[in-house]
Each structure stands twice: as structure tokens, then as C-alpha cells.
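Just below is one structure, and these are the notes that go with it.
The values are calculated or read from the model by the stated rules, or taken from the named source; none is laboratory data. What you see is a predicted model; the values in this text were computed from it and never measured. Cβ placement follows ideal geometry from the backbone for every residue including glycine, while neighbour counts extend to all protein chains displayed.
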Amino acid sequence: MKNRIKQVKVANTVTIREAMLCIDKSALGVALLVDPHTDRFTGLVTDGDIRRALLNGLGLENPVSHVSRPNPIIANKEMSVEEISDLLSEPIRIVPVLDDDEKVVDLAIFDKRAYLPIAEPQFGEAELKYVSECVLTGWVSSAGRFVKKFEDLFAAFCGTKFAVTTTNGTAALHLSMLALEIGSGDEVIVPSLTFISTANAVTFTGAKPVFVDSEPYTWNIDPAGIEKAITSRTKAIIPVHLYGHPADMDPILEIANKYGLAVVEDAAEAHGALYKGKKVGSLGDMGVFSFFGNKIITTGEGGMIITDKKELAEKVRILRDHGMDTRQRYWHPVLGYNYRMTNIQAALGVAQMERIDQILMKKIEIAKFYREELGCIKGIILPPEADWAKNVYWLFSILIDEDQLCFTRDQMMEELKQKKVETRPFFPPVHNQPVYTTCQKLPIAENLSSRGLSLPSSPNLSIGSIKNIAGYIKDFVGCSVERGYI
Ligand SMILES: *Cc1c(COP(=O)(O)O)cnc(C)c1O
């Protein structure tokens with residue numbers, strides 16, 4: 001980078017010809033002008049500025065000061081990478097980063113082909129420090145101070161009495177079913193539009209997942225469909241808070257109450273989301289979370305069960321530890337599993353809990369910017385936020401209204417892929433998955449699944465990138481401000 005800075009700097013006393021030579025050599029389309037004595041940044045000139053000056057009849061031997069920009073955009077080295085990248089755009093491709101002496105210490109360069117991932121973790125000093133502590137002290141397995149600490153922090157965050165860590169979210173779901181003593185001959189109601197592990201956790205126990213259609217607005221399980229699916233074998237309901245938006249819990253809890261069913265919330269995608277002011281996961285008998293690498297916070301792989309019920313928490317703790325008696329080592333009254341989280345995973349988790357509020361704020365801010373950019377495009381349907389809900393927008397997801405647009409969701413995804421923007425299609429409905437294929441028709445889940453896609457939603461995503469993504473979508477939709485659509 002030092003070399004790059006040297007190449008792009010030129011004394012502010014040179015001629016236009018010399019500045020052009022500098023631009024030519026650095027191939028960045030810009031020359032940074034500096035005071036030849038103090039090396040202080042005094043302005044910049046782009047190849048476009050020079051071209052326009054020449055067309056206006058200015059000669060090459062004139063001083064470059066005649067064409068330099070009066071107020072170029074600059075950054076200070078104290079600014080965050082985020083703040084600096086927000087200054088960059090298609091027309092502003094280079095921003096010099098200055099120190100307090102106004103000397104150029106770095107260059108921020110706009111690279112529109114940089115690949116934008118759907119989600120990536122946000123780590124900092126604390127993650128490194130706590131994981132290092134595990135390695136340095138040797139506490140790398142499932143004993144160690146971070147496991148308990150992570151559980152305590154997470155229970156406090158969700159407002160429940162107990163939290164139990166697990167190896168991953170699927171294991172947490174499986175344990176929740178086992179703790180409720182669900183097994184062969186039982187049925188558990190799940191939405192069809194979800195990630196497959198919601199249903200698999202039921203199947204692992206020998207019970208049968210019964211698939212219910214979605215609500216068109218929230219994309220979550222339709223409470224009316226639940227009641228129709230109940231039989232004498234039904235034992236539990238697993239509502240999923242899809243893509244960060246809470247399921248409509250009150251009618252679900254009412255039905256569960258009426259028929260004596262347990263409720264396990266699959267909150268793997270919705271840490272911190274609120275249903276009528278309460279944290280999701282804390283409303284049912286148990287709530288389950290995932291800390292996979294692309295989830296709201298991550299421990300690499302990891303999961304958690306939260307509950308207010310002491311006896312369920314205790315059962316889960318025994319089942320995740322080989323079914324071992326808590327008072328007698330190597331004594332196993334029940335069939336258990338090894339579903340314990342490691343201290344290394346929990347170390348990451350503790351560090352992530354220090355930034356979870358900040359991550360959630362960023363997710364919500366990202367959603368706000370996407371809404372502003374995409375809000376008025378005909379044919380693009382934005383994600384829900386019911387008036388009783390706080391959506392945390394795990395992945396900012398949209399629907400393509402194929403009646404209004406002349407392309408499919410898959411064509412939109414292909415277009416964005418060409419622009420180096422990663423997207424994800426909605427989950428295929430589980431009732432149509434090869435491992436489950438039922439003859440059911442669940443038209444809303446099927447329809448949402450074929451029309452939905454998720455856009456990049458990393459907490460690291462810059463506002464500039466959102467503008468670019470929205471720009472690609474607007475271009476593809478072919479509606480622009482001039483055409484009066486937006
Ligand atoms: C990610 C996810 C899970 C599973 O979590 P893992 O930690 O990957 O096992 C379960 N349900 C939903 C809805 C998910 O999105």
C-alpha cells in the first residue's frame with residue numbers, strides 16, 4: 001500500500017501533463033496533490049477533471065492547481081472501515097485516508113466486483129482473547145468457565161431462568177423433543193416452510209412431523225392450519241420464527257393450551273426478536289437457538305435451549321451428557337447423547353454476547369436502508385413486520401411478484417450472481433423434500449418458497465453496498481425514477 005500511495009501522489013506545483021503521467025502510471029484514475037515541502041494533502045484531480053479541462057481549451061503546461069477539485073471527499077484514519085467504505089461509490093472510486101497531520105496514510109478504493117456474501121460473522125478482539133484463553137489454559141473441551149457464562153448471559157438476554165448449550169441447533173431441537181418424551185407413535189406439528197432440521201429433530205425420535213402451511217403475510221406457520229392438523233397422537237407444536245420475524249404466538253399458545261400440547265419455539269433465526277415485547281424463545285415451553293456461522297451470532301457450530309421450567313432444563317442437561325446421573329459418574333439411567341458445547345465454542349459465544357445488541361441494531365439498520373431503496377419498486381414485496389412484532393431480519397428477504405414482473409426469482413438470483421452478490425432462495429418446503437415427500441399440497445408455503453430470496457445481510461455490510469445491490473435490482477426490474485415507478 002505504501003508504494004501505491006507513493007505512485008498516486010504528486011506535488012501540487014506540477015503541470016497538468018505531469019499529473020496526467022502520474023494518473024497514467026498508477027492506473028487508479030486519480031492523482032493526489034500534496035504540498036512538496038510538508039507532504040500534506042491539498043487536493044486531488046481525476047482523469048475526468050483533466051479531460052474536461054482539455055476540452056475547454058486549457059493547455060497541458062498549465063499548473064494542475066487550475067483543474068484540481070476544491071472539496072474532495074476525504075477520510076480520517078480514526079474512521080471505521082464501515083464509515084470509510086460508505087464514502088465510496090461508482091463516481092467516488094478513491095478516497096484518501098489522512099492522519100491528523102493531513103498526510104495520506106491509506107487509500108480506500110471502490111471495488112464494485114468485490115463479492116458480497118449473504119452473511120458473515122463479525123469478530124473482534126474479545127473473540128480472539130477468550131478463545132486464546134481456552135487454548136492457553138487447556139480448557140478446550142466441554143468443561144471450563146465459558147460454558148456456564150454463555151448460558152447465564154443468554155438466559156439473561158432472553159429473560160428465561162435456564163439456558164443449556166448444545167453442539168448445534170439441530171441437537172438442541174432433538175433434545176427438546178426427547179425432554180418432552182416424544183417418540184414413536186407421536187405427532188409433532190411443524191411448518192413446512194423451514195430449514196429441514198425442524199422436522200428432522202422430530203423424526204430422530206421416531207415421531208412423525210406433520211406439516212402445516214404458512215400465513216401469507218408473516219411467512220410463518222398458520223395457526224388456523226395447526227388446529228386442523230391436530231389428532232389424538234399430537235404431542236407438540238414447533239413454530240419457527242422464519243428469517244427473524246416472530247410467528248404469531250398467542251393463537252398458537254391458545255391452541256396448545258386447549259389441546260394440552262407442548263410448544264417448542266425454533267428461534268434459530270431470530271435471536272432478540274420480540275413478540276408483543278417479549279423475546280422469542282421465551283414464550284413456549286422451550287426455545288431453541290442456533291449459532292451456526294451465518295446465524296445472528298455464532299460459535300462456529302452451536303446451539304442453545306432456553307426454558308423457565310427447571311425439570312425440563314435438568315432433563316436436557318442429562319440427555320446431552322450421555323444420560324449420565326448427575327450424582328453418580330458413569331451411571332446412566334436413560335439413553336443419552338453427547339451433545340455438549342465446547343469451552344472454545346462458548347468462548348466465542350461469550351464474546352458474541354458482548355456485541356449482540358450492536359449486531360441486532362445493525363441488522364435493523366440494514367433492513368431500513370433496504371426498505372428505503374427497494375420500497376417503491378413494483379413487483380418486489382418487502383419482508384413483514386407485524387405491528388405486534390419486532391423483526392430482527394436475520395436475512396433481509398424479499399418476494400418476487402411474478403404477476404407484475406417478467407422474470408422469475410431464479411433469474412433475479414442469476415442476475416445478482418453475475419454482479420457478485422450472493423443470494424439464497426427460500427427453503428424448499430419440507431413436505432416436498434425427498435426424505436419426506438408427502439402427497440400434501442401446501443399452496444402458500446410452495447408459493448412463498450418459489451418466489452422468495454434473501455439478500456446480503458452481514459453486520460459488516462456497508463450502506464454503500466446496499467445501494468449497489470438495490471441499484472442492480474432496480475436496473476433488472478427496469479423501473480427507474482424517470483419511468484415514474486419509484
Ligand atoms: C439453522 C437452523 C436450524 C439448525 O441449526 P444448526 O445449528 O445448523 O443445527 C434449525 N432451524 C432453523 C429454522 C434454522 O434456520
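Observations on the model:
- The conditions of being among the hydroxyl-bearing types (Ser, Thr, Tyr), in contact with a Gly (Cβ under 6 Å, 6 or more places away or on another chain) and more than 17 Å from Asp99 (Cα to Cα) are met by Ser68.
- Listed by first and then second residue, the pairs linking a residue in segment 436-457 that is farther than 20 Å from Val240 by Cα to a residue that is at pLDDT below 95 and of a type in the set (Phe, Trp, Tyr), with Cβ atoms under 7 Å apart and 6 or more places separating them unless they lie on different chains, form an empty list.
- Screening segment 216-229 for residues that are within 16 Å of the ligand (Cβ to nearest atom) and in contact (Cβ under 8 Å) with a residue 60 or more places away in the chain and picking the one that is surrounded by the most Cβ atoms within 10 Å (Cβ to Cβ) gives Trp219.
Matching residues to (1) under 43 Å from the mean Cα position of the chain (by Cα); (2) among the polar types (S, T, N, Q):
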position: Ile5; (1), (2): yes, no
position: Thr15; (1), (2): no, yes
position: Asp39; (1), (2): yes, no
position: Gly48; (1), (2): yes, no
position: Leu60; (1), (2): no, no
position: Pro63; (1), (2): no, no
position: Val67; (1), (2): no, no
position: Lys77; (1), (2): yes, no
position: Leu87; (1), (2): yes, no
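- When segment 380-393 is filtered for residues that are touching a residue at least 12 places away in the same chain (Cβ under 8 Å), part of a loop (DSSP other than H, G, I, E, B) and not polar (S, T, N, Q), the ones remaining, listed by number, are Leu382, Pro383, Pro384, Glu385, Ala386, Trp388, Val392, Tyr393.
- Any hit, segment 249-265, residues being within 12 Å of the ligand (Cβ to nearest atom) and in a loop (DSSP other than H, G, I, E, B): no
- Filtering segment 15-31 to residues that are outside any helix (DSSP H, G or I), under 12 Å from Val67 (Cα atoms) and not aliphatic (A, V, I, L, M) leaves only Thr15.
- The residues of segment 150-190 that are within 9 Å of the ligand (Cβ to nearest atom) and either touching a Ser or Thr at 6+ places or on another chain (Cβ under 7 Å) or assigned to a helix (DSSP H, G or I) (or both), listed by number, are Asn168, Gly169, Thr170, Ala171, Ala172, Leu173.
- Near pairs, Cβ below 8 angstrom, 6+ apart or cross-chain, from segment 394-406 (within 30 Å of Pro121 (Cα to Cα) and modelled with pLDDT of 95 or more) to any residue that is surrounded by 14 or more Cβ atoms within 10 Å (Cβ to Cβ) and among the acidic types (Asp, Glu): Trp394/Glu269; Leu395/Glu269
- Extreme residue, modelled with the lowest pLDDT, among residues of segment 111-138 that are among the aromatic types (Phe, Trp, Tyr) and surrounded by fewer than 19 Cβ atoms within 10 Å (Cβ to Cβ): Tyr115
- All conditions in (1) closer than 29 Å to Asp250 by Cα; (2) surrounded by 21 or more Cβ atoms within 10 Å (Cβ to Cβ); (3) more than 11 Å from the ligand (Cβ to nearest atom); (4) among the small types (Gly, Ala, Ser) hold for Gly277, with the sole exception of (2).
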